[in-house]
Amino acid sequence: MVVGLSLAAVALVGSTAALTAVIVKDDGKGASSAPSEAASALADPVDDVTEEPEETEEAESEYYNESPSASDFELSLKTTRKACFGSAGCNVTVEPELTYNAAFPPEPDVTVSLTYEVRGGNDGPTIETIELTADGDSLNYSSPSTLVRTASGSVKVTAKITDVSTY
């Protein structure tokens with residue numbers, strides 16, 4: 001029995017050229033039998049691709065903003081009532097409108113305390129506090145109304161966040 005090597009194929013895999021040698025058994029009758037298992041193993045290209053681990057919802061939900069800061073929020077005021085009394089000025093009632101801009105939500109079991117100043121009143125700034133709790137993808141808070149007396153109807157009442165803490 002004679003065992004010979006014959007050139008079987010040139011295969012292109014991606015951008016890499018591979019030359020494959022196949023071992024063929026010659027039984028002496030002039031006919032070649034099928035390639036051996038070893039030759040088949042040589043002929044099959046092997047993918048050398050490393051699979052990325054699958055991300056799960058559990059892994060994604062582990063990211064929280066552990067210490068929110070004033071820059072994570074935008075605070076504006078909505079005027080809900082305005083009563084003007086000529087030269088005596090106006091009584092303006094405002095409520096905070098809060099937007100959260102951080103990439104990750106606050107931790108679910110934490111309360112965020114946000115202190116802010118309401119400015120534009122005759123008596124100087126009024127200090128208010130909002131307490132927020134995270135519930136999934138939303139933040140819950142109640143909007144306290146603030147009554148501000150202004151010199152006239154044209155005075156703009158604004159708000160500025162002064163402190164953010166968690167407990």
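Which one of these is part of a strand (DSSP E or B), under 22 Å from R81 (Cα atoms), of a type outside the set (S, T, Y) and modelled with pLDDT under 95: L147, L98, L132?
Working: L147 fails: modelled with pLDDT under 95; L132 fails: under 22 Å from R81 (Cα atoms).
None of the other options fit; the residue is L98.
Evaluate segment 72-92: report whether one residue or more is more than 30 Å from G153 (Cα to Cα) and at pLDDT 95 or above.
Scanning segment 72-92, I find at least one residue that is more than 30 Å from G153 (Cα to Cα) and at pLDDT 95 or above, so the answer is yes.
Could you please let me know if P108 is at pLDDT 90 or above and either open to solvent by 30 Å² or more (accessible area, probe 1.4 Å) or under 32 Å from the mean Cα position of the chain (by Cα) (or both)? It would help to see each step written out before you state the result.
Details: at pLDDT 90 or above: no; either open to solvent by 30 Å² or more (accessible area, probe 1.4 Å) or under 32 Å from the mean Cα position of the chain (by Cα) (or both): yes.
So P108 fails the test.
Would you be able to tell me the number of residues in segment 95-143 that are among the polar types (S, T, N, Q) and in contact (Cβ under 8 Å) with a residue 60 or more places away in the chain?
If we filter segment 95-143 for residues that are among the polar types (S, T, N, Q), which is where we start, we get 99, 101, 111, 113, 115, 122, 126, 129, 133, 138, 140, 142-143.
Going one step further and asking which of them are in contact (Cβ under 8 Å) with a residue 60 or more places away in the chain, we end up with none.
Qualifying residue count, segment 95-143: 0.
Does segment 107-127 contain at least one residue that is of a type in the set (G, A, S), part of a strand (DSSP E or B), in contact with a Ser or Thr (Cβ under 9 Å, 6 or more places away or on another chain) and closer than 20 Å to V164 by Cβ?
Keep residues of segment 107-127 that are of a type in the set (G, A, S), which gives 113, 120-121, 124.
After this cut, where a residue has to be part of a strand (DSSP E or B) as well, the list is 113.
Imposing the further condition that a residue be in contact with a Ser or Thr (Cβ under 9 Å, 6 or more places away or on another chain) reduces the set to 113.
Now restrict to residues that are closer than 20 Å to V164 by Cβ: 113.
Among the residues of segment 107-127, at least one is of a type in the set (G, A, S), part of a strand (DSSP E or B), in contact with a Ser or Thr (Cβ under 9 Å, 6 or more places away or on another chain) and closer than 20 Å to V164 by Cβ, which makes the answer yes.
In segment 152-167, which residues are assigned to a loop (DSSP other than H, G, I, E, B) and open to solvent by less than 60 Å² (accessible area, probe 1.4 Å)?
Filtering segment 152-167 for residues assigned to a loop (DSSP other than H, G, I, E, B) gives 152-157, 167.
Within segment 152-167, S152, G153, V155, V157 qualify.
Looking at the structure I just gave you, is G86 free of Cβ contacts under 8 Å to residues at least 12 places away in the same chain, of a type outside the set (D, E, K, R) and more than 21 Å from S145 (Cβ to Cβ)?
The answer is yes for G86.
The values are calculated or read from the model by the stated rules, or taken from the named source; none is laboratory data. Since we're looking at a predicted model, the values are computed, not measured. Every residue, glycine among them, receives a Cβ derived from its backbone with ideal geometry; neighbour counts consider all protein chains shown. Only protein heavy atoms, including side chains, enter the accessible area calculation; ligands, DNA and RNA are left aside. Shrake-Rupley method; radii C 1.70, N 1.55, O 1.52, S 1.80 Å.
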